[in-house]
Amino acid sequence: MLLLWACSRPLPTVAPTTGGEGLGTVYMAVTGRGQSPGRVSYPRGGKELVDFVGYSFVLDHPQHGRVVVDPGYPSVAQDPHTYPGEFISDATGLREVTPLVDQLDGAVQHVLATHGHADHIGGLADFPNATLHIVEQEWLFALKESGLNAVVPWPYEDHAAKDFVRFDAGSYGPFPAHHDLFGDGSVVMLPTHGHTPGHTSVLINAQNGSWLVVGDAAWHERHWAEPVPKGTMTRLVLEDDPKAAELALLRIHAWAEADPGLNVMAGHEASLEQRYPLLPEPLAR
Ligand SMILES: [Zn+2]
């Protein structure tokens, strides 16, 4: 179905990725682990369990300090008496929480969240002095408590320092617009709405390669590589706009096809932690 739909529309133009000169060391951390039935992940999935792993990305920018992309669950999520961990775990497939703040030393100046689900933005609560960079529509979504949508705003809802991002620059790779966070090409925010209303992917351009953090635009590698959408019920119940979610997948797929050197980091792909080094080892420099 997805491929038929793809064939009926022209694919976007793809531009090559360029390595950033301004970025320092990049790290990847595991912030959660769990499993969900295959039918949650794939249209033809069954009862077999699929591994889910949650990831955070940490960049030490020479001029702008420490930047976190998707801080994961907040540290309060470790206590099921104070946090709806069981229900949220069922909704997202994550049961084991490893707060990012416990894995870091040193202040975080900037937080980016691909989207407002608790397993991605929740950890913002552990970095109260950081500036959150987010699309305003997604912030409003992240304030509306919803078990079904895995939104738990109370740990971070009073967060003061916010920068509402606009995709204020032209096309970038297969995407129609982008936002260059620091103006040096090192951190590029890209619109991938569909899973949620203002879902954003983040391209990290390090000197030795580029990493595209796609959040839950793709949970698993198969989602963007084939491409194939999430399970039928998942799309109906969890996704804000399934058609827009398909377009985001097609764009990621087209980019990866055109640029084999691009590291596409699906939001919960279990194999990433075997294929890439984890904090404290650097992912990129
Ligand atoms: Zn997620």
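The values are calculated or read from the model by the stated rules, or taken from the named source; none is laboratory data. A quick note: this is a predicted structure, and the numbers were derived from the prediction, not measured. Virtual Cβ from ideal backbone geometry, glycine too; neighbours counted across all protein chains shown.
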Inset, instruction - Only residues in the stretch 267-285 that are touching a residue at least 12 places away in the same chain (Cβ under 8 Å) count as the first member; pair them with residues that are within 16 Å of the ligand (Cβ to nearest atom) and small (G, A, S), Cβ under 6 angstrom, at least 6 apart or cross-chain, and list the lot. - result: G267/G215; L279/A29
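Matching residues to (1) away from the ligand (no atom under 15 Å from the Cβ); (2) touching an Asp or Glu at 6+ places or on another chain (Cβ under 8 Å); (3) within 14 Å of D216 (Cβ to Cβ):
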position: P37; (1), (2), (3): yes, yes, no
position: D51; (1), (2), (3): no, no, no
position: L59; (1), (2), (3): yes, no, no
position: P71; (1), (2), (3): no, yes, no
position: D79; (1), (2), (3): yes, no, no
Legend entry - Number of the exception - R251 against (1) modelled with pLDDT of 95 or more; (2) surrounded by fewer than 21 Cβ atoms within 10 Å (Cβ to Cβ); (3) of a type outside the set (S, T, N, Q): (2)
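Quick grid of which residues meet (1) under 12 Å from the mean Cα position of the chain (by Cα); (2) crowded, with 22+ Cβ neighbours inside 10 Å:
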| site | (1), (2) |
| --- | --- |
| H193 | yes, no |
| H199 | yes, yes |
| V213 | yes, yes |
| D216 | yes, yes |
| E226 | no, no |
Inset, instruction - List the number of the failed condition for A177; all other conditions in (1) under 23 Å from V108 (Cβ atoms); (2) away from the ligand (no atom under 16 Å from the Cβ) hold. - result: (1)
Legend entry - Near pairs, Cβ below 8 angstrom, 6+ apart or cross-chain, from the stretch 60-87 (part of a helix (DSSP H, G or I)) to any residue that is at pLDDT below 80 and surrounded by fewer than 21 Cβ atoms within 10 Å (Cβ to Cβ): V76/T82; A77/G85; Q78/G85; G85/D79; E86/P80; F87/G147
